[in-house]
Amino acid sequence: MWVYEKKLQYPVKVSKCNPMLAKFLIEQYGGADGELAAALRYLNQRYTIPDKVVGLLTDIGTEEFAHLEMIATMIYKLTKDATPEQLKEAGIGEHYVNHDRALFYTDAAGNPFTATYIQAKGDPIADLYEDIAAEEKARATYQWIIDQSDDPDINDSLKFLREREIIHSQRFREAVEILKEDRDRKKIF
Amino acid sequence: MAKFTLRKQYRPYVSPFDPCPSIRVKTYVTPPNLYVGFQPEKLPQFNAKQALFAGTLWKVFYDPYYGSEEKEKGGGQ
Ligand SMILES: [Fe+2]
């Protein structure tokens, strides 16, 4: 079970009315390397991985939902007061005719989310290597969104999220080391 | 020896017939998690407030990324 805290993991402030940023940010909402894919991937892999690293997958999978909520907040703030004309100019007219201003799990090109984005191979090393790759891809996606963004407040939150991907990758790399069992007993921090 | 950096560079092939102005130096990121291995004990920490803003408690893993626009305004590495 989960305990929900009714606040964001890190504050989300949006300083410019730029709905086009919402179009880019949705890549991290329902895209292949986005936060939804990450959360579902890790929480699902937990059942068939050695006990020693189950807790790590629970922690990181849970945190990914906190990130999903931050991305949702950014997209919502960027679109909630935009006119249909502004949304069309921003390239999300197609989204508008299907969803109005509701959020939906798609990537930046409008492709709907699919479970084929994630894998559970049942082989602990294969799964952890996928997780490491997923974290590096999410980190890179944040870099490219920051490159496209002109909003310093959004960038501040995106930098926080990108830093978390670095930490997640580090922890998954350590999980591989634990499963290799070729070092002296190590403490987990 | 060159100073260590988490931003690497390479020079791609440049053609005299490139349709756009050639980018002569390309960069890529090699984040700190590539270098640390299993995290050793007693690494330096940020204080709690700094850690929230940095996104990590551990100084060794802090690696902020600045966008192209921010770099033009003088931010970043
Ligand atoms: Fe992550």
Using a 1.4 angstrom probe, figure out how much accessible area region B:1-71 has per residue, in square angstrom, rounded to the nearest whole.
-> 73 Å²
Using Cα pairs under 8 angstrom and six or more residues apart, how large is the relative contact order of region A:1-101, in percent?
-> 37 percent
Expressed as a whole number, the average count of other chain Cβ atoms within 10 Å around the Cβ atoms of A:169-181 is 3
Among A:GLN148, A:PHE172, A:THR114, flag the residue with its Cα farthest along the positive direction of the charge dipole of the protein assembly as shown, charges on Cβ as +1 for Lys/Arg and -1 for Asp/Glu.
-> A:PHE172
In cubic angstrom, how much convex hull volume per residue do the alpha carbon atoms of chain B span?
-> 155 Å³
Nearest-10 value in Å² for the accessible area of A:ARG46, using the 1.4 Å probe = 40 Å²
Show A:ASP33, A:ASP107 ordered by accessible area, largest first, where the area counts protein heavy atoms only and the probe is 1.4 Å.
-> A:ASP33, A:ASP107
Assigning unit charges at the beta carbon (Lys, Arg +1; Asp, Glu -1) and nothing else, what dipole magnitude in debye, to the nearest 20, does the protein assembly as shown show about its Cα centre?
-> 840 debye
In Å² (nearest 100), what accessible area is buried between B and A, both sides summed, heavy protein atoms only, 1.4 Å probe?
-> 2400 Å²
Simple label model, 7 Å out from Cα along Cβ direction - B:LYS8 to A:THR62, nm = 3.6 nm
Carbon/sulfur fraction of accessible area - chain A, other protein chains in place, 1.4 Å, % | 55 percent
Roughly how many whole Å is it from the C-alpha centroid of region A:156-180 to that of region B:3-69?
-> 14 Å
What full-extension length gain, to one decimal in nm, is calculated for A:GLU89 and A:ASP150 as 0.36 nm per residue of separation minus the Cα-Cα distance?
-> 20.3 nm
Ignoring ligands and nucleic acids, what accessible area does A:TRP144 show with a 1.4 Å probe (Å², nearest 10)?
-> 140 Å²
How many times 2.2 N^0.38 Å is the alpha carbon radius of gyration of the protein assembly as shown?
-> 1.08
Going by a ≥ b ≥ c, the root eigenvalues of the Cα gyration tensor, does region A:30-70 fall in the rounded group (a/c under 1.5), the prolate group (a/b larger than b/c) or the oblate group?
-> oblate
Other chains' Cβ within 10 Å of B:29-36 residues: what's the mean?
-> 5
Over all directions, average the projected area of the Cα convex hull of region A:1-87 and note it in nm².
-> 6.8 nm²
Note: region A:69-189 at 10 °C, 1.306 mPa s; Kirkwood Rh on alpha carbon pairs; Stokes-Einstein D in µm²/s works out to 92 µm²/s
Electrostatic dipole magnitude of region A:19-151 [Cβ: Lys, Arg +1; Asp, Glu -1; Cα centre; debye, to 20] | 260 debye
Residue order for A:ILE26, B:ILE23 - accessible surface, 1.4 angstrom probe, largest first = B:ILE23, A:ILE26
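The values are calculated or read from the model by the stated rules, or taken from the named source; none is laboratory data. Fair warning: this is a prediction, and the values are worked out from it, not measured in the lab. Positions of Cβ are generated from backbone atoms using ideal geometry, with glycine treated the same way; all protein chains shown enter the neighbour counts. What goes into the accessible areas is simple: the full protein's heavy atoms, side chains included, and nothing from ligands, DNA or RNA. Shrake-Rupley method; radii C 1.70, N 1.55, O 1.52, S 1.80 Å.
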